[in-house]
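Undergrad: Here it is, the structure in full.
The values are calculated or read from the model by the stated rules, or taken from the named source; none is laboratory data. Quantities reported herein were computed from a predicted structural model and do not represent experimental measurements. Quick reminder, even Gly has a Cβ in these numbers, built from the backbone with ideal geometry, and neighbours come from all protein chains shown. To get the accessible areas, we keep the full protein, side chains included, count just its heavy atoms, and leave off ligands, DNA and RNA. Shrake-Rupley method; radii C 1.70, N 1.55, O 1.52, S 1.80 Å.
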Amino acid sequence: MKSHKKVIILGTGGTIAGLEPPSGELLEYKAAQVDVASLLQGVAMPHGIEVLSEQVAQIDSKNMNAEVWRGLIGRVLRWQKQADIAGIVITHGTDTIEETAFLLACIQSSSKPIVLTCAMLPANAPQADGPQNLADAIVWACDASNQGVSVVCAGQIHEAWRIQKIYTDRLDAFDSGAHGVWGVIQNGQVVLKRNISKISFEFQIPSAQFVVQTSNWPRVWLIPNHSGSEDLQVLAWLEYAQSHAINIDGIVLAGTGNGTANDALERALNHAQTLGIKVWRSSRCYQGVQRKQKADAFTSAGYWSPYKARIALILDLLYQLESASKARALI
Ligand code: ASP
């Protein structure tokens, strides 16, 4: 009997599904125009792999939000339960792919791999990179050594934990920092470069089911420290939130160096904390871990970028909500 593997491709949009105008002006292209089933028609399908597809969203990933994430996670959970599915591929825009990958990696409890892929050129560009990226992602999603969440682009496999978009304009737009890529895919063959990272979380993770069911995710905003940052940047938010009955649940500082804020901003963030808002500090620096200090006013986000730290804080707050609702159920 012929053995084959089945992969589900979930489409969410991005440049991989984008179209440039007939005039061929690349910069005038629109992301998220082509449905995922049509994208697959242009892919040289790896031998012995059966592919199904489902459109989950059709957005430019700059517009990614909690609602789309909840829908996507719901579908991921559903397909992972299906016994004959070997792995999941998600087509996604490059702009926020590292956030979606990180979120999925945090809540992933299945051993079935999730592979996100993307493109830097629209689907109808003469040198479109999407079809090859998609073919590589499908191969990697069926690979026995793959049990994690990763992003495939330009022949490279990046772990969700490490990936960051570092170029606005290169086909290999991503980097995995000092850890390097997890592997590469050459002529349809996977070559792993190292073992998967072992991550120890310093934040709590709610169940994936709770993440999907909860419509009002905690509101967590990012605030940068830079030369001339003002306390007003935080105080104005707080005042606006209070006068409009808006809850701010958390703030992540995109701090300088070791996750620092200037004196005025630090005072304002301390004030936010006294109001019950969780404040975490992360760093604008691309590499390195933030050292903890004895007199830390704010929780350190460790090695997570500000954007990943924001998701980590949302998950931590969701965990607290889940624990509280379980405790209420016991009363
Ligand atoms: N703006 C696009 C997106 O993130 C960029 C891309 O996919 O490369 O959806």
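Undergrad: Consider Ser61 against the criteria (1) touching a His at 6+ places or on another chain (Cβ under 9 Å); (2) more than 16 Å from the ligand (Cβ to nearest atom): it satisfies all of them except one. Which criterion is unmet?
TA: Result: Ser61 passes all but (2).
Undergrad: Please find, among Ala178, Ala154, the residue that is on the phi > 0 side of the Ramachandran plot and either open to solvent by 40 Å² or more (accessible area, probe 1.4 Å) or in contact (Cβ under 8 Å) with a residue 60 or more places away in the chain (or both). Lay out the reasoning, then the answer.
TA: Details: Ala178 fails: on the phi > 0 side of the Ramachandran plot.
Of Ala178, Ala154, the one residue that is on the phi > 0 side of the Ramachandran plot and either open to solvent by 40 Å² or more (accessible area, probe 1.4 Å) or in contact (Cβ under 8 Å) with a residue 60 or more places away in the chain (or both) is Ala154.
Undergrad: For the stretch 228-331, which helices (runs of 4 or more DSSP H) that fit wholly inside it have 2 or more residues that are touching a Phe, Trp or Tyr at 6+ places or on another chain (Cβ under 6 Å) and within 30 Å of Gly177 (Cα to Cα)?
TA: Numbers: elements: 232-243, 263-274, 306-330.
Of the helices (runs of 4 or more DSSP H) lying wholly inside the stretch 228-331, those with at least 2 residues that are touching a Phe, Trp or Tyr at 6+ places or on another chain (Cβ under 6 Å) and within 30 Å of Gly177 (Cα to Cα) span 306-330.
Undergrad: Would you check which residues across the stretch 18-32 are of a type outside the set (Asp, Glu) and within 13 Å of the ligand (Cβ to nearest atom) and list them?
TA: Listed by number, the residues that qualify are Gly18, Leu19, Leu26, Leu27, Tyr29, Lys30, Ala31, Ala32.
Undergrad: Is one or more of the residues making up the stretch 76-97 within 11 Å of the ligand (Cβ to nearest atom), under 23 Å from Gly177 (Cβ atoms) and assigned to a helix (DSSP H, G or I)?
TA: Scanning the stretch 76-97 turns up at least one residue that is within 11 Å of the ligand (Cβ to nearest atom), under 23 Å from Gly177 (Cβ atoms) and assigned to a helix (DSSP H, G or I).
Undergrad: Another question about this same structure. Out of Ala57, Ala66, report the one residue that is surrounded by fewer than 17 Cβ atoms within 10 Å (Cβ to Cβ), of a type outside the set (Ser, Thr, Tyr) and within 23 Å of Thr214 (Cα to Cα).
TA: Ala66
Undergrad: Here is a follow-up. Restricting attention to the stretch 106-135, which residues are open to solvent by 10 Å² or more (accessible area, probe 1.4 Å) and either of a type outside the set (A, V, I, L, M, F, W, C) or on the phi > 0 side of the Ramachandran plot (or both)?
TA: Across the stretch 106-135, the qualifying residues are Gln108, Ser109, Ser110, Ser111, Lys112, Asn124, Pro126, Gln127, Asp129, Pro131, Gln132.
Undergrad: Evaluate the following for Val184: is it out of contact with any Phe, Trp or Tyr (no Cβ under 6 Å at 6 or more places or on another chain) and assigned to a strand (DSSP E or B)?
TA: Against the criterion (out of contact with any Phe, Trp or Tyr (no Cβ under 6 Å at 6 or more places or on another chain) and assigned to a strand (DSSP E or B)), Val184 qualifies.
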